[in-house]
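Undergrad: If you scroll down you'll find the structure; I have some questions about it.
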Amino acid sequence: MRRLVITFCGIYLAAAALAAATTGWGLIEPVPGYRLSLFWMSPDTLEARIDALVATHRIFEAQVYAGLHAVSWATVLSLTLVGALRALVGPSEPLANIRSTAIVMGGLAGLILMSWLAQPILDQASRIPSPTTALSSMPGYWIFGMALSAAITAGHLSLFVHDMVLAAKKRWIGADAEAAA
């Protein structure tokens, strides 16, 4: 199961890198007028980034970003489903490293909370003229952060859901019934 998760995440990251490379120099060219957003999973962030790209007539980069956003969500959801189904299909054992999974999921929950709480501050800060937002307004930065975050989240969530389904299965079906099968 771990090899499957690692392979799936590796293929996803390679595909994201290839898609990002198709944008050429647009990958590292800052997008003027971009309003800082913290969390790629937020619909507001997707809208702000796509709008900023479209406003500067960078339609192809907007399409690449929107496509990678959809593929990132598909990766997270697919691997979560694979983890749940794998625990139901046959004999298995717990796979998740609880400490690292707790750190990743706690960090994700913290980021969700921080992005929600910081939104009013970011809205006010976007009105202040800034000399540069070079790094935070580069599509390459957005894509790299999204791809890496999605792969890490998908991997940990897949193993965690696997273990939760496995624990529920053992509790409701019983360990003896599984050993007899």
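The values are calculated or read from the model by the stated rules, or taken from the named source; none is laboratory data. What you see is a predicted model; the values in this text were computed from it and never measured. Ideal geometry is used to build each Cβ from the backbone, glycine not excepted, and the neighbour counts take in all protein chains shown. Surface accessibility is based on the protein's heavy atoms, side chains included, excluding ligands, DNA and RNA. Shrake-Rupley method; radii C 1.70, N 1.55, O 1.52, S 1.80 Å.
Undergrad: Roll a 1.4 Å probe over the protein chains and send me the accessible area per residue for the chain in Å². All intermediate terms of the calculation are to be shown ahead of the outcome.
TA: Details: 10600 Å² over 181 residues.
Each residue of the chain exposes 59 Å² on average to a 1.4 Å probe.
Undergrad: For the ranges 135-142, 31-38, what's the packing order if you count other beta-carbon atoms within 10 Å of each residue, average per peptide, and put the highest first? Let's see the in-between values first.
TA: Working: 135-142: 18.4, 31-38: 16.9.
Top of the packing list down: 135-142, 31-38.
Undergrad: Please give the contour-minus-distance gain from residue 100 to residue 113: 0.36 nm per residue of separation, less the Cα-Cα distance, rounded to one decimal in nm.
TA: On the way: separation 13, 0.36 × 13 = 4.68 nm, distance 1.98 nm.
Fully extending the segment from residue 100 to residue 113 adds 2.7 nm.
Undergrad: Turning to a different aspect of this structure: Let me spell out the model: positive unit charges on the Cβ of Lys and Arg, negative unit charges on the Cβ of Asp and Glu, origin at the Cα centre of the chain. What dipole size does that give, in debye rounded to 20?
TA: Details: 11 positive and 10 negative charges, 59 e Å.
Here the chain has a charge dipole of around 280 debye.
Undergrad: Put a dot 7 Å past each Cα toward the Cβ at residue 38 and residue 21; how far apart are the dots in nm?
TA: 3.4 nm
Undergrad: In a Gaussian network model over the chain where Cα atoms closer than 10 Å are linked, find which of 52, 66, 109 has the largest mean-square fluctuation.
TA: Looking only at 52, 66, 109, the largest GNM fluctuation is found for 109.
Undergrad: Also, I was wondering about something else. Quick one: compute the contact order of the chain, relative version, from alpha carbon pairs under 8 angstrom and 6+ residues apart, as a percent. Write down the numbers at each step before the final one.
TA: Details: 171 pairs, mean separation 71.7, N = 181.
Averaging sequence separation for qualifying contacts and normalising by length gives 40 percent for the chain.
Undergrad: With helices defined as uninterrupted DSSP H runs, which ones in the chain have an alpha carbon span along their own long axis of at least 30 Å and mean Kyte-Doolittle hydropathy of at least 0.5? Kindly include the intermediate steps, with their values, before the conclusion.
TA: On the way: long enough: 59-89 (44 Å, 1.33); 98-125 (39 Å, 1.11); 139-173 (49 Å, 0.77).
Span-like helices, by this rule, are 59-89, 98-125, 139-173.
Undergrad: Which distance in nm do the two modelled labels at residue 85 and residue 66 give, with both placed 7 Å along the Cα-to-Cβ direction?
TA: 2.9 nm
Undergrad: OK, next. Zone of residue 168 (label point 7 Å along Cα→Cβ, backbone N under 15 Å): which residues in segment 80-113?
TA: 80-89
Undergrad: Let me ask you something else. Based on alpha-carbon positions alone, could you give the equivalent ellipsoid semi-axes of segment 1-176 from the gyration tensor, as √(5λ), descending, whole Å? Display every interim value, and only then the final one.
TA: On the way: eigenvalues 264, 69, 25 Å².
In descending order, the three semi-axes are 36, 19, 11 Å.
Undergrad: Where does each of 144, 60, 39 land when they are ordered by accessible area, with a 1.4 Å probe and the largest first? Before the final figure, lay out each step's value.
TA: Numbers: 144 135, 60 105, 39 15 Å².
I get 144, 60, 39, largest accessible area first.
Undergrad: Percent of accessible area on the chain owned by carbon and sulfur, 1.4 Å probe?
TA: The value for the chain is 71 percent carbon and sulfur by accessible area.
Undergrad: Once ligands and nucleic acids are excluded and a 1.4 Å probe is used, how much of residue 61 is accessible, expressed in Å² to the nearest 10?
TA: That residue has around 30 Å² of solvent-accessible surface.
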